[in-house]
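A short worksheet on the structure shown next.
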Amino acid sequence: MTTVTIPFARIGKDGVQVREHNGTTFGTFSVAVDQGYGDKKTTVWYDCVVNSDILSRMQKAQVKQGSAISLTGILTFKDVEKRDGSGKVAVPKISVLAWDYVKTASKKEDGNTASPPPAAPAQQYEGVGEPMDLDDDDLPF
């Protein structure tokens with residue numbers, strides 16, 4: 001059991017509430033995490049499990065497919081039978097303990113990244129940046 005923090009992940013599949021036969025409920029969703037860059041960039045998919053309270057907060061915050069989040073959770077692997085029946089593969093699963101939105105650049109209609117609003121002009125103070133002439137007697141220590 002390993003605790004992991006993923007600083008940037010994209011929701012791949014919207015959260016779904018699941019009810020077990022004993023009546024407990026939990027949520028599941030998947031996230032995609034890019035690793036590497038350029039022609040060596042790959043995407044790793046994680047199945048995520050959350051308690052119903054976290055799922056409810058995510059749904060109220062309108063976290064959906066494509067949303068960028070960061071998350072912290074417990075990483076485990078579950079063995080899943082391959083579709084062709086040729087064996088099993090270990091699928092990474094994260095039991096999410098905490099999550100937060102990740103702010104991403106918004107897109108303009110023409111596809112360019114929106115520029116930030118212009119900064120307010122810096123207030124000019126008299127004497128800033130000029131050398132000070134201090135004697136040892138002027139220092140408080």
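Out of G27, G73, I need the residue that is of a type in the set (G, A, S) and touching a helix residue (DSSP H, G or I) at 6+ places or on another chain (Cβ under 6 Å). Which one?
Numbers: G73 fails: touching a helix residue (DSSP H, G or I) at 6+ places or on another chain (Cβ under 6 Å).
Of G27, G73, the one residue that is of a type in the set (G, A, S) and touching a helix residue (DSSP H, G or I) at 6+ places or on another chain (Cβ under 6 Å) is G27.
Among the residues of the range 84-110, those identified as closer than 15 Å to A68 by Cα and either at pLDDT below 85 or of a type in the set (S, T, Y) (or both) are Y101, K103, T104, A105, S106, K107.
Tell me, which residue of the range 1-53 that is basic (K, R) and more than 16 Å from W99 (Cβ to Cβ) is modelled with the lowest pLDDT?
Let us first name the residues in the range 1-53 that are basic (K, R), namely 10, 13, 19, 40-41.
The next check asks that each one be more than 16 Å from W99 (Cβ to Cβ); those that pass are 19, 40-41.
Details: R19: 87, K40: 91, K41: 93.
Looking at the filtered set, the residue picked out is R19.
Close contacts from the range 67-94, counting a first residue that is surrounded by 10 or more Cβ atoms within 10 Å (Cβ to Cβ) and a second that is part of a loop (DSSP other than H, G, I, E, B) and among the hydroxyl-bearing types (S, T, Y), with Cβ to Cβ under 7 Å and a gap of 6+ residues or different chains, come to A68/T104.
At least 2 residues being without any contact (Cβ under 8 Å) to a residue 60 or more places away in the chain and exposed (fewer than 11 other Cβ atoms within 10 Å of the Cβ) is the threshold, and among the strands (runs of 3 or more DSSP E) wholly inside the range 1-63 those reaching it are 2-19. Return the residues of the range 13-38 that are over 23 Å from the mean Cα position of the chain (by Cα) and among the charged types (D, E, K, R); say none if nothing qualifies. Of everything in the range 13-38, those that are over 23 Å from the mean Cα position of the chain (by Cα) and among the charged types (D, E, K, R) turn out to be R19, E20.
The values are calculated or read from the model by the stated rules, or taken from the named source; none is laboratory data. These numbers were taken from a predicted model, which means no experiment stands behind them. Heads up, the Cβs are rebuilt from the backbone with ideal geometry, glycines too, and the neighbour counts pull from every protein chain shown.
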